[in-house]
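Structure record follows, encoded as structure tokens.
The values are calculated or read from the model by the stated rules, or taken from the named source; none is laboratory data. Predicted model only: the values in this text are computed from it and were never measured. A quick note on method: Cβ atoms are made from the backbone with ideal geometry, for glycine too, and the neighbour counts reach across all protein chains shown.
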Amino acid sequence: MKCNVGGIDRVLRIAVGLVLIGLAVSNVVGVWGWIGVVPLATGLFRFCPLYPILGINSCGAGSDCSGGGCCK
């Protein structure tokens, strides 16, 4: 599994995921807040399964993610 989620993308995904899960736990947004698990997981694992389908790679133009560029 090649990484395809870069630095800023990763930080935003983790932050949004944690906020949504926090809102779900505090019962502010209800059950739908648990969808925050998806951006949290993709941020932590640095891989988004939708990115290869769409041809997106947020690791940056200069890094070769197959060699571990942004994954280090």
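Within the set of pairs 6 or more residues apart or between chains, which connect a residue that is under 9 Å from SER58 (Cα atoms) inside region 1-17 to a residue that is part of a loop (DSSP other than H, G, I, E, B) and of a type in the set (S, T, N, Q) with Cβ atoms less than 6 Å apart?
Hits for this filter: ASN4/ASN57; VAL5/SER58; GLY6/SER58; ASP9/SER58.
From CYS48, CYS59, grab the single residue that is at pLDDT below 95 and crowded, with 16+ Cβ neighbours inside 10 Å. Walk me through it before giving the result.
Working: CYS48 fails: at pLDDT below 95.
Result: CYS59 is the single residue among CYS48, CYS59 that is at pLDDT below 95 and crowded, with 16+ Cβ neighbours inside 10 Å.
I'd like the full set of residues that are within 20 Å of ASN57 (Cβ to Cβ) and exposed (fewer than 14 other Cβ atoms within 10 Å of the Cβ), limited to region 33-44.
Listed by number, the list holds a single entry, LEU44.
Pick from region 1-32 the residues that are part of a loop (DSSP other than H, G, I, E, B) and within 13 Å of the chain's Cα centre (by Cα): which of them is surrounded by the fewest Cβ atoms within 10 Å (Cβ to Cβ)?
Filtering region 1-32 down to residues part of a loop (DSSP other than H, G, I, E, B) leaves 1-6, 26-29.
So of that shortlist, the ones also within 13 Å of the chain's Cα centre (by Cα) come out as 3-6.
Working: CYS3: 22, ASN4: 22, VAL5: 27, GLY6: 18.
The residue in question is GLY6.
Tell me the residue from ILE35, ILE8, ILE21, ILE14 that is in contact with a Phe, Trp or Tyr (Cβ under 9 Å, 6 or more places away or on another chain), modelled with pLDDT of 95 or more and at negative phi, please.
Result: ILE21 is the single residue among ILE35, ILE8, ILE21, ILE14 that is in contact with a Phe, Trp or Tyr (Cβ under 9 Å, 6 or more places away or on another chain), modelled with pLDDT of 95 or more and at negative phi.
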